[in-house]
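Visitor: Quick one: this structure, given as structure tokens, is what I'll be asking you about.
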Amino acid sequence: MIIAQVSDIHAAENNDNLTRFERALTWIDLITPDALVLTGDLIDDNWRDGYAAIAAQLNKRSYPSFILPGNSDDRAAMKSILHCHYWCNSGENDALHFVADIGELRLIGLDTTIQENPAGAIGEHLPWLADNLISDGPANSILFMHHPVIRSGIPPLDQIMCRDVVKLAEFLSEHPRKPIAISAGHVHRSMAGQLAGIPAYICGSICPENPLWFGSAIVPPVNNFLSFMIHRYNDGEMVSHPVLL
């Protein structure tokens, strides 16, 4: 089973990120994934036409796609333009969560966005997550969100990562059915770590990547790759591959 993940398109009228998104989809089409998950920041500058353009590209594909919002998105606009049937009516501050069972794997999308705040939070959503980790269906799951739960080491981005990470780690340590992986976006670089013993990933971005800058006086050079992830699940094991184009 193959799950593709795309993050941080940041489409706007004054950039070519929709073209970069099409390039990524053309590559993804070659491996015919079982599903595609988009982990937020679809547009920039409130460019609502970007949502329709992204939806038009997704509608050309034979595989299903599942969308989460990021901090640069407008949830109300997403709901009115995208009409995604899979978003759960959780009643939690209009959060756009989703749950999708794809064969032997459950995909859980958790909306970590905070209105008018670039950081994310997860604490208020833990009861919803607890219910959907144990509800009837596949035992193994991947938890997707926009804001990462691991520190990148890049100072300004770590200031706006997912809050309540300690609370999430405690929750997962005690939960009887943990996800097999957690995968986010937001940082515009691919990286890996772990939280509560669970592999935790940050998917790269469709938009140009951020430099790997740890706060030193010199900012290292950066490439102009677009990046996404391919998660392959087979016989109860998952391997995640970053792809750079």
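The values are calculated or read from the model by the stated rules, or taken from the named source; none is laboratory data. Worth saying up front: this structure is predicted, and the values here are computed from it rather than measured. Here Cβ is always computed from backbone atoms with ideal geometry, including for glycine, and neighbour counts include all displayed protein chains. Each accessible area value is taken on the protein alone, full model and side chains, heavy atoms only, with ligands, DNA and RNA left out. Shrake-Rupley method; radii C 1.70, N 1.55, O 1.52, S 1.80 Å.
Visitor: For region 100-132, enumerate the residues that are assigned to a loop (DSSP other than H, G, I, E, B) and open to solvent by 30 Å² or more (accessible area, probe 1.4 Å).
Guide: Result: GLY103, GLU104, GLN115, GLU116.
Visitor: If you scan region 33-71, which residues turn out to be over 15 Å from TYR86 (Cβ atoms) and hydroxyl-bearing (Ser, Thr, Tyr)?
Guide: Once the filter is applied, which keeps residues that are over 15 Å from TYR86 (Cβ atoms) and hydroxyl-bearing (Ser, Thr, Tyr), region 33-71 yields TYR51, SER62.
For every residue, the table says whether it meets (1) touching a residue at least 60 places away in the same chain (Cβ under 8 Å); (2) open to solvent by less than 40 Å² (accessible area, probe 1.4 Å).
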{"position": "SER7", "(1), (2)": "yes, yes"}
{"position": "ASN17", "(1), (2)": "yes, yes"}
{"position": "ILE28", "(1), (2)": "yes, yes"}
{"position": "LEU38", "(1), (2)": "no, yes"}
{"position": "ASP44", "(1), (2)": "no, no"}
{"position": "TRP47", "(1), (2)": "no, no"}
{"position": "LYS60", "(1), (2)": "no, no"}
{"position": "ASP73", "(1), (2)": "no, yes"}
{"position": "SER80", "(1), (2)": "no, no"}
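Visitor: While we're on this one: HIS241 is checked against (1) over 19 Å from ILE2 (Cβ atoms); (2) in a strand (DSSP E or B); (3) not aromatic (Phe, Trp, Tyr) and fails just one. What number does that condition carry?
Guide: (1)
Visitor: Any chance region 209-216 includes a residue that's closer than 27 Å to SER65 by Cα, in contact (Cβ under 8 Å) with a residue 12 or more places away in the chain, touching a helix residue (DSSP H, G or I) at 6+ places or on another chain (Cβ under 9 Å) and not in a helix (DSSP H, G or I)?
Guide: Yes, there is a match, as at least one residue in region 209-216 is closer than 27 Å to SER65 by Cα, in contact (Cβ under 8 Å) with a residue 12 or more places away in the chain, touching a helix residue (DSSP H, G or I) at 6+ places or on another chain (Cβ under 9 Å) and not in a helix (DSSP H, G or I).
Visitor: Can you tell me how many residues within region 133-152 are under 19 Å from the mean Cα position of the chain (by Cα) and either at pLDDT below 95 or not in a helix (DSSP H, G or I) (or both)?
Guide: Qualifying residue count for the region: 13.
Rundown of residues vs (1) open to solvent by less than 10 Å² (accessible area, probe 1.4 Å); (2) among the small types (Gly, Ala, Ser); (3) more than 21 Å from GLY109 (Cβ to Cβ); (4) at pLDDT below 95, yes/no style:
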position: GLY185; (1), (2), (3), (4): yes, yes, no, no
position: HIS188; (1), (2), (3), (4): no, no, no, no
position: TYR201; (1), (2), (3), (4): no, no, no, no
position: PHE214; (1), (2), (3), (4): no, no, yes, no
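Visitor: Turning to a different aspect of this structure: Can you list the helices (runs of 4 or more DSSP H) lying wholly within region 9-99 that have 1 or more residues being closer than 22 Å to CYS207 by Cα and modelled with pLDDT under 95?
Guide: 75-82
Visitor: Can you find even one residue in region 229-238 that is of a type in the set (A, V, I, L, M, F, W, C), crowded, with 21+ Cβ neighbours inside 10 Å and at pLDDT 95 or above?
Guide: yes
Visitor: Got a number for residues in region 159-173 being under 9 Å from ALA119 (Cα atoms) and either in a helix (DSSP H, G or I) or out of contact with any Ser or Thr (no Cβ under 9 Å at 6 or more places or on another chain) (or both)?
Guide: So the count comes out to 2.
Visitor: List pairs: first residue in region 182-201 and on the phi > 0 side of the Ramachandran plot, second residue of a type in the set (A, V, I, L, M) anywhere in the structure, Cβ distance under 7 angstrom, at least six positions apart or on different chains.
Guide: Partner pairs satisfying both residue conditions: ALA196/ALA169; ALA196/LEU172.
Visitor: Here are some conditions: (1) farther than 19 Å from LEU36 by Cα; (2) in contact with a helix residue (DSSP H, G or I) (Cβ under 9 Å, 6 or more places away or on another chain); (3) among the aromatic types (Phe, Trp, Tyr). PHE228 meets all but one. Which one does it not meet?
Guide: The one condition PHE228 does not meet is (1).
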